[in-house]
Amino acid sequence: MTKTVSIRSLLTKGQYSFYIALAEKGVFFIIFMYFARTLNVAEYGMVMISFTFANILSSFFEFGFAPYFQREAATHSNSIEEELNSVLGFKVVAFFLYGLLTVLYFTFIGTDTPLSVALVATTIYVFGISGIFSRTLFGFNQYVESFKSLLVTKIIIFFVVGIFIIVKASFEFLLLALLGGAVLQTISLMSNVSHNGIIFKLTLKAKILKRVIKSSLPIGIGLSFVWIYDKADVILIQRIIGNEAVSFYAVAYSLYKIPQVIAGVILLPFFTEISNRYATEGSLSMNELFKPAVLLVSVSGVIILAYNCIPEIFLSLAYGNLYKRSGWILSVLSFALPGLLLNSLTGNTLNALRKEWKVMNSTFFAFLLNIGLNVILLPRLGIVGAVIATICTEYFMLCIQIYYIQISPDIKRQKNTL
């Protein structure tokens, strides 16, 4: 019988991805909490729109590079150095198009593109670049090194942001601190990657880039669809209902997404392990998915219980009493958690099997369903429509990906054992 991935081993490695995600989420969580408590509801809604659009647009420029290089590092690819250099050159050139599209979007919706929008857009883009190097270190099984790099930069960001909050600096200064931290983080991670014998030179070789994109683009497109349906409801709520509705929905949605940090503890090292195993053995056992699936469902069950018993407490502690009324949104959204966490597991499995197109197809159909349901339900049901769309989308995508795994010839079926 094929030996399954050890949950203990995944937790040992994945704890560092948890610490990293916790630090990253913590920085943004504190800043958003500060904005929610100091800006009026309409202003906070506009800030959320800026971050939402920047994340969506940035996802289009990521091309699946981060998971691609984690997989290549895990399989000890000989061409990883030249591929990293060409991708880095591409990211620098693509930034100018990214900036232009940002200006055009905010001009189109009738809003100026002030300094705050430029800072948000640039920060998100730079964090995207640092994500490539962080995931590469994960592929090399260097979780501690990645954690140390991010820990130092996050401490610096926390310190600077804390000072700005104490002196009640404008939110542009907070955003500037975030941007500086993103740049510092990227440099630190690059330094750690270079310790694996990789020499960084800013190049842009079309042949090499084409080879990378041929495999990474389906991953990137799939992630883009996820980002879009994950964020588009906020934009649609703003356009159909208004900025205040965005604020009440966004605070509940932000807490709903927090369990993804816990899932990352398992899924990031899991992706490295099964990528390497598939590269060496040419197949995977269905048992590889069973243990992580049981753990993820158990975690989601506990969180559903907590979010339904005391949702107002979580919201008031995080965002203030004004947002207690979002408690019902958080309670209902929580029932999508098993689908959210499990489709991350199935998606990682398909990507490890180099079936990126299957993942792309599933996310595309989920994207269509989500946008369609939001457009139909928001005018009729309000925020309830967005909640229904999210729940349906997560389970719909999970069903498609399970089907693709079931019919895959690379999956061996054996009796499940704990």
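The values are calculated or read from the model by the stated rules, or taken from the named source; none is laboratory data. As the structure is a computational prediction, the values presented were derived from the model and not from experiment. Here the Cβ positions follow ideal geometry from the backbone for every residue, glycine too, while neighbour counts run over all protein chains shown.
Just so you know, in segment 322-348 the residues that are of a type in the set (Phe, Trp, Tyr) and modelled with pLDDT under 90 include one that is nearest to residue 291 (Cα to Cα), and it is 328.
The numbered conditions (1) over 29 Å from residue 116 (Cβ atoms); (2) touching a residue at least 24 places away in the same chain (Cβ under 8 Å); (3) among the polar types (S, T, N, Q) are all true for residue 78 except (2). If you filter segment 150-195 down to residues that are over 23 Å from residue 50 (Cβ atoms), touching a Phe, Trp or Tyr at 6+ places or on another chain (Cβ under 7 Å) and free of Cβ contacts under 8 Å to residues at least 60 places away in the same chain, you find that the one that is surrounded by the fewest Cβ atoms within 10 Å (Cβ to Cβ) is 194. Within segment 103-118, is there a residue that is within 21 Å of residue 231 (Cβ to Cβ), within 17 Å of the chain's Cα centre (by Cα) and assigned to a helix (DSSP H, G or I)? For segment 103-118, residues within 21 Å of residue 231 (Cβ to Cβ), within 17 Å of the chain's Cα centre (by Cα) and assigned to a helix (DSSP H, G or I): absent. Residues that are within 16 Å of the chain's Cα centre (by Cα), in contact (Cβ under 8 Å) with a residue 40 or more places away in the chain and in a helix (DSSP H, G or I) do not occur anywhere in segment 236-244.
For beta carbons closer than 7 Å, sequence separation of 6+ or different chains, a first residue in segment 273-298 that is closer than 27 Å to residue 259 by Cβ and a second that is part of a helix (DSSP H, G or I) and aromatic (Phe, Trp, Tyr), the qualifying pairs are 284/278; 292/270. Restricting segment 369-393 to residues that are surrounded by 21 or more Cβ atoms within 10 Å (Cβ to Cβ) and without any contact (Cβ under 8 Å) to a residue 60 or more places away in the chain leaves a set whose member that is farthest from residue 226 (Cα to Cα) is 385.
Does segment 327-335 contain at least one residue that is within 23 Å of residue 237 (Cα to Cα), aromatic (Phe, Trp, Tyr) and either assigned to a helix (DSSP H, G or I) or out of contact with any Lys or Arg (no Cβ under 7 Å at 6 or more places or on another chain) (or both)? Within segment 327-335, one or more residues are within 23 Å of residue 237 (Cα to Cα), aromatic (Phe, Trp, Tyr) and either assigned to a helix (DSSP H, G or I) or out of contact with any Lys or Arg (no Cβ under 7 Å at 6 or more places or on another chain) (or both).
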